[in-house]
Amino acid sequence: QVQLVESGGGLVQAGDSLRLSCAASVRTFSSYTMGWFRQAPGKEREFVAGINRRGGITYFGDSVKGRSTISRDNAKNTVYLQMSSLKPEDAAVYYCAERENGGITTTVDEYDSWGQGTQVTVSS
C-alpha cells in the first residue's frame, strides 16, 4: 500500500492549461505503474492516462488524447498530468493511482492504491 497525495487542482478557464501532481508520501514508487483517473458527479471513474515504471511508455484515454501529457520524476516520487485546452467536460475530481504488479491498465480495480483526489473546475 502506497500513500498518494494529489495537488494542483483548482478553477481554470476553458482553453487554459493545468498541471496536476501526485506525490508518493510514504515510500518510493519507482517500481510502480502509475495512472490518472477522473470522476465527475454521477459519472463512472474514467481512465485519463497511465505511465510505466521508467516513464518510457504512456497511454491516454480517448477523451484527453492529443492534449494531455503524463510524466514522472522517480527521484521525487512524483507523477504529473499536464492538460491543455481544458473543456467544461474536463471538470472532475482527478485521482492518482498506483499498480504494484503489471503494466498500464484502464481498469480501476487493477490498481492497488489511490489518492484522495484533487478537484478541477473549468469555467466558461
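Some points to look at:
- Accessible area (Å², per residue) of the stretch 1-74, counting only protein heavy atoms and a probe of 1.4 Å: 53
- Partners of LYS65 within straight-line reach, counting aspartates and glutamates whose Cα lies under 18 Å from its Cα and excluding those fewer than 8 residues away in the same chain: ASP16, GLU46, GLU89, ASP90.
- Sulfur and carbon atoms: percent of accessible area, the stretch 17-105 [1.4 Å]: 45
- Contour minus Cα-Cα distance for ARG45 and ARG19 (0.36 nm per residue): 7.4 nm
- Given their separation in residues at 0.36 nm each and the Cα-Cα distance between them, VAL5 and ASN101 gain 32.5 nm when the chain is fully extended.
- Intensity falloff of the stretch 22-124 expressed as log10 I(q)/I(0), Debye formula with alpha-carbon point scatterers, at q = 0.10, 0.19 Å⁻¹: -0.25, -0.90
- Taking the C-alpha atoms of the stretch 1-53, convex hull volume expressed per residue in Å³: 115
- Under a model in which nothing but the beta-carbon of Lys, Arg (+1) and Asp, Glu (-1) is charged, the stretch 8-55 shows a dipole of about 240 debye around its Cα centre.
The values are calculated or read from the model by the stated rules, or taken from the named source; none is laboratory data. Since we're looking at a predicted model, the values are computed, not measured. Counting neighbours? That spans all protein chains shown, and the Cβs are built from the backbone with ideal geometry, glycine included. Protein only, heavy atoms only, side chains kept; ligands, DNA and RNA dropped before computing areas. Shrake-Rupley method; radii C 1.70, N 1.55, O 1.52, S 1.80 Å.
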